[in-house]
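Notes follow the structure.
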């Protein structure tokens, strides 16, 4: 074999060595700052001064926030951190930062191995934190894992500069919650035990049908500390201002069916009219003579010129936004923070840390034209 045909033999840094180098260079600290900034951008919660070992849920995050963080980590740092990882193992900023740094180092080592075997003298990898700078690896690692001194056998990027978030807190900005105390934990536990004893049938119903019934009320804003409390009451009947669950407990419905029941549950005069209409039938798609009469009554009651009827509140808000933009020629829509505006993507937003519109629904596209 001619000299020119011989394969190029370049020493390759093993993943363990690169991981050690990244850790020694303070990359974990830099990732921690970037992750704090990411949480602030996504949720508006300022975790700048929060302890690195505080649980995400104690900081005010919920299951939806962790889903967004999981996806953003993959987009920003090109590392795979699952939602389940954040729930089970990587439950603090410190743990998450260390894992991201470790995965980034492994990716760098793999890239270095590919470049070195092709004869390259140095390797680089891109990162989402700062400009890549080369750092010499001063130890040679062979296939057996032993090391020996070797000058500049490869280069890996350092994580440029500390990027720990530093923000000015405003009145509208959420601040990370204080850690939960032992007294608070004991109080939640006692409440859960009493609630479970009072509503065993409701809890059993949820557990029995969880595998087939996808109920968003069970998982929305999930917090492990409240796990034994987050199941809906299964109601057997309702009348007037009261509800009775399947265990026979009576409750006062202070929400009035989330605001849509003006006369209480099952008022007699409504039941009588519904029974009459049921005997006549419900034609789907055709007009009913009651539509015009109801529109007139709505107009008189509200003072509005015209009225329309929709199946859901989401559908009504969607139509109202479309009409407003058409008539005014403007795109910006004002929303009330913490209020419910429907279940379609265009209103599933929250204020980000810098005042920008951030999607609540994972992977939802934010239009800069309409939402910013």
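Points worth noting:
- Each residue in region 74-92 was checked for being surrounded by 15 or more Cβ atoms within 10 Å (Cβ to Cβ) and part of a helix (DSSP H, G or I), and 6 pass.
- The test for being over 22 Å from residue 312 (Cα atoms) and either surrounded by 10 or more Cβ atoms within 10 Å (Cβ to Cβ) or within 42 Å of the chain's Cα centre (by Cα) (or both) holds for residue 248.
- Residue match in region 274-292 (condition: out of contact with any strand residue (DSSP E or B) (no Cβ under 6 Å at 6 or more places or on another chain) and touching a residue at least 12 places away in the same chain (Cβ under 8 Å)): yes
- Identity of the residue in region 48-73, in a loop (DSSP other than H, G, I, E, B) and out of contact with any helix residue (DSSP H, G or I) (no Cβ under 7 Å at 6 or more places or on another chain), that ends up surrounded by the fewest Cβ atoms within 10 Å (Cβ to Cβ): 49
- Residues being out of contact with any helix residue (DSSP H, G or I) (no Cβ under 9 Å at 6 or more places or on another chain) and outside any helix (DSSP H, G or I) - total across region 182-234: 4
- Condition met for residue 230 (modelled with pLDDT of 90 or more and closer than 24 Å to residue 205 by Cα): no
- Pairs where the first residue, in region 232-250, is at positive phi and the second is assigned to a strand (DSSP E or B), C-beta under 9 Å, 6+ apart: 240/265; 248/236
- Against the conditions (1) more than 20 Å from residue 98 (Cβ to Cβ); (2) crowded, with 22+ Cβ neighbours inside 10 Å; (3) modelled with pLDDT under 50, residue 43 satisfies every one except (3).
The values are calculated or read from the model by the stated rules, or taken from the named source; none is laboratory data. Since the model is a prediction, treat every value here as computed from it, not as a measurement. Note that each Cβ is placed from the backbone with ideal geometry, even for glycine, and that neighbours are counted across all protein chains shown.
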